Amino acid sequence: MQTDLHTNPIQTSISLPLQVSEQGIRFQDAELISWKQTSKQVSDYLKSIDLQASQVQKLIIEIIHPSFLMLPDAYNDPLYRIAFLEKALGEHCMDGQELHEQACSNVESALLYLIPSYWKDQLAILFPLANIQYTHLLGNEIAKSKLYIHPRIQVYLQEQHAYVTYFQHGRLQLINVFPYEHELALAYYLHSIRDTFDIPWNQESIRMHGPEASDAKLIADLIRLNIPLS
């Protein structure tokens, strides 16, 4: 007796890291894909790395979004944290958005952050079989900080927002986001941090990174405005 055997190729389970922001999606070492072009450009990107959307079973997503609140563990009570969020971000901050939380145990706090529901809907369409793990840029920055003993301002520049953390004597002193339209506004904000915390002003004081930190003109202008960058 002869039996016909039909076999399907085994698909490998893939974890795919990416960033998501107001402007769109950015895969590792790839150009930004705007939300309006995600369907075609994500498909093209996956083809370029010989991958199918059905193989992606886990998305590791770093959120870059200005709606967040760092809440000390002592105050992180489910009964009150929505009230804290609304106090910090506005009464209707939850409209069309979902609340997520990232533990920041090294500073004994939790980072509460909002994700627009539209982003999640788009990602579910693009990767229908994937489980999604969310983190926030600032939560990840704090996790990598190693609680700097020497004063250190960390500045991440993207989409004309400066995401800032500042450590002094091993303690987190500041976590904030500052929208800026030009180098003068950004320089003024950084100088105000220096003055508030009496920071020694040298090239070890600031670490600037992110997509807009590679803008040579912006960096030159900041140096001209006495921001100590190498």
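Here are the numbers for the structure shown:
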quantity	calculated
In degrees, nearest ten, helix 38-48 long axis to first principal axis of the chain (Cα)	70 degrees
In the stretch 67-130, chymotrypsin sites (Phe, Trp or Tyr not before Pro) in a DSSP loop with at most 13 other beta-carbon atoms within 10 Å	Y80
Kirkwood Rh in Å, taken over all unlike Cα pairs in the stretch 179-230	11.4 Å
Dimensions (Å) - the chain, Cα atoms, principal axes, largest first	86, 47, 33
Largest-first principal axis extents of the Cα set of the stretch 71-158 (Å)	45, 29, 23
GluC sites (Glu not before Pro) restricted to DSSP loop in the stretch 56-161 with at most 12 other C-beta within 10 Å	E91, E108
Convex hull projection area averaged over all views, the stretch 118-208, Cα basis, nm²	7.4 nm²
Between the stretch 26-69 and the stretch 136-171, the Cα center-to-center distance that results, in Å	25 Å
Share of alpha-carbon pairs per 10 Å distance bin for the stretch 30-109, given as whole %	13, 33, 24, 23, 7
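Just so you know, all these numbers are worked out from the coordinates, no wet-lab data involved. None of the values given here were measured: they were computed from a predicted structure. Cβ sites come from the backbone with ideal geometry, for glycine too, and all protein chains shown count toward neighbours.
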